[in-house]
Amino acid sequence: MSALLRLGIDAGGTNLRAGVFDEQGSLLWQERHASDFSGLCGRLAPPQALAQVLEALAASIDAALAAQPRVGAVGIGFPGFIDPTTRIVSASPNLPGLHDVDLATPLAVRFGLPVALENDALAAAYGEYRLQPTRSRGLLYLGLGTGVGGGLVLEGRPYAGEHGVAMEAGHLIVVPGGRPCGCGNRGCLEQYASASGVSHHYAESTGERLDAERIASRAVSGDAEALAAFRQAAGWLALGLSHVLKTVDVGDVVVGGGLTRSWELLASHFGEALEQALIPALRGKVRVRPSTAQDRAGMLGAAFLATPDQNRKTP
Ligand SMILES: [Zn+2]
């Protein structure tokens with residue numbers, strides 16, 4: 001009998017991405033569809049919003065099983081704080097107003113499959129780690145999108161922390177009393193080093209509110225204010241990352257997320273600022289690269305967090 005397959009679902013962005021992998025990590029099937037959960041709780045009562053999220057995840061699992069019936073385990077990367085023991089989502093930016101939600105158990109019962117649930121950035125970190133040609137002892141992943149997500153792999157294992165909050169690097173306070181953040185604090189890194197941070201920087205100097213993609217195209221055409229907005233974001237990213245590296249001392253850092261489509265606009269100042277902010281013992285020793293796997297890392301990491309049920313009867 002051939003080995004069972006794994007399904008990994010990345011529910012972290014505006015698309016829900018599902019991929020089926022074999023034991024070697026080769027992608028055998030994938031599907032994506034738009035699934036912007038973030039507005040759901042504004043439109044629906046919390047129980048209905050939760051039901052819609054579960055239905056979207058179930059539809060993905062259904063499609064994967066129809067295409068690849070030998071799927072023996074499901075892993076899901078979901079934004080939010082996820083208890084490492086119970087897998088309960090204590091809070092999620094995609095489900096505002098909902099607390100202590102169990103997504104894994106209803107899906108496991110419905111499909112008769114083991115379902116693992118992990119923070120989406122941590123799943124991406126683990127996927128990036130598995131994709132490295134040589135495995136180092138640790139890897140830090142930062143996802144730069146609307147916010148800044150983080151995930152840490154230590155000694156080959158994803159590290160979620162005691163309460164599922166480890167490596168919430170986006171909420172490191174870099175400007176005490178600074179811009180308000182969705183977490184309730186002020187001056188968090190994600191208000192400065194994310195796509196929304198770039199928009200903010202640009203609006204502050206020009207009075208014009210544009211998304212980071214528009215600002216990137218202006219920067220490419222030589223708009224000095226647009227270039228400065230990316231330079232500012234790169235500086236803040238370097239500062240935040242230097243604090244994390246001084247704390248966890250990992251050798252590999254992968255930066256992913258939508259903003260890395262403009263990595264070349266961040267890279268030059270980022271490299272210089274990071275070297276300055278690191279302690280001398282770490283200078284020149286940390287490998288930082290933009291993700292080349294992008295979408296795939298989140299699915300792969302989620303898939304390999306799940307353990308297939310070897311006793312499952314498959315066609
Ligand atoms: Zn915050």
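The values are calculated or read from the model by the stated rules, or taken from the named source; none is laboratory data. Computed from a prediction, not measured in an experiment: that's the story for all the values here. Here the Cβ positions follow ideal geometry from the backbone for every residue, glycine too, while neighbour counts run over all protein chains shown.
Could you please find all residues in segment 127-140 being assigned to a strand (DSSP E or B) and buried (at least 24 other Cβ atoms within 10 Å of the Cβ)?
First, the residues of segment 127-140 that are assigned to a strand (DSSP E or B): 138-140.
Within segment 127-140, Leu139, Leu140 meet the criteria.
Suppose we filter segment 51-76 for residues that are over 20 Å from Asp309 (Cβ atoms) and buried (at least 21 other Cβ atoms within 10 Å of the Cβ); how many remain?
Of the residues in that region, 1 qualify.
Please determine, by comparing only the residues of segment 172-195 that are assigned to a helix (DSSP H, G or I) and closer than 30 Å to Ala116 by Cβ, which one is farthest from the ligand (Cβ to nearest atom).
Within segment 172-195, the first condition is being assigned to a helix (DSSP H, G or I), and the residues that meet it are 189-191, 195.
Now drop any that are not closer than 30 Å to Ala116 by Cβ, which leaves 189-190, 195.
Working: Leu189: 8, Glu190: 6, Ala195: 15 Å.
Only one residue tops the list, namely Ala195.
Can you work out which of the residues in segment 258-288 that are exposed (fewer than 15 other Cβ atoms within 10 Å of the Cβ) and not in a loop (DSSP other than H, G, I, E, B) is modelled with the lowest pLDDT?
Residues of segment 258-288 that are exposed (fewer than 15 other Cβ atoms within 10 Å of the Cβ), as a first pass: 264, 268, 271-272, 276, 279-281, 283-285, 287.
Subsequent filtering for residues that are not in a loop (DSSP other than H, G, I, E, B) retains 264, 268, 271-272, 276, 280-281, 287.
Values: Glu264: 96, Ser268: 85, Gly271: 95, Glu272: 96, Gln276: 96, Pro280: 96, Ala281: 96, Arg287: 95.
By that ranking, first place goes to Ser268.
Out of Ala108, Ala56, Ala49, Ala3, which single residue is assigned to a loop (DSSP other than H, G, I, E, B) and farther than 13 Å from Met299 by Cα? Can you show your working first?
On the way: Ala108 fails: assigned to a loop (DSSP other than H, G, I, E, B); Ala56 fails: assigned to a loop (DSSP other than H, G, I, E, B); Ala49 fails: assigned to a loop (DSSP other than H, G, I, E, B).
Answer to the selection: Ala3.
Tell me the residue from Tyr159, Tyr141 that is more than 25 Å from Ala56 (Cβ to Cβ) and not assigned by TED's automatic domain parsing to the domain that holds Ala18, please.
On the way: Tyr141 fails: more than 25 Å from Ala56 (Cβ to Cβ).
Just one listed residue meets the conditions, Tyr159.
Any idea how many residues of segment 172-187 are modelled with pLDDT under 95 and either polar (S, T, N, Q) or surrounded by 14 or more Cβ atoms within 10 Å (Cβ to Cβ) (or both)?
Adding up the residues that qualify gives 4.
Per-residue answers, yes or no, for (1) at pLDDT 95 or above; (2) surrounded by fewer than 24 Cβ atoms within 10 Å (Cβ to Cβ); (3) closer than 22 Å to Ala212 by Cα:
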position: Ala125; (1), (2), (3): yes, no, no
position: Gly147; (1), (2), (3): no, no, yes
position: Gly156; (1), (2), (3): no, yes, no
position: Met167; (1), (2), (3): no, no, no
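Restricting attention to segment 79-121, report how many residues are surrounded by fewer than 17 Cβ atoms within 10 Å (Cβ to Cβ) and among the basic types (Lys, Arg).
So the answer is 1.
Could you check segment 152-171 and list, in sequence order, the residues that are among the hydrophobic types (A, V, I, L, M, F, W, C) and either within 16 Å of the ligand (Cβ to nearest atom) or assigned to a loop (DSSP other than H, G, I, E, B) (or both)? If you could, list the steps in order and put the result at the bottom.
Kept after step one, since they are among the hydrophobic types (A, V, I, L, M, F, W, C), are these residues of segment 152-171: 152-154, 160, 165-167, 169.
Listed by number, the residues that qualify are Ala160, Val165, Ala166, Met167, Ala169.
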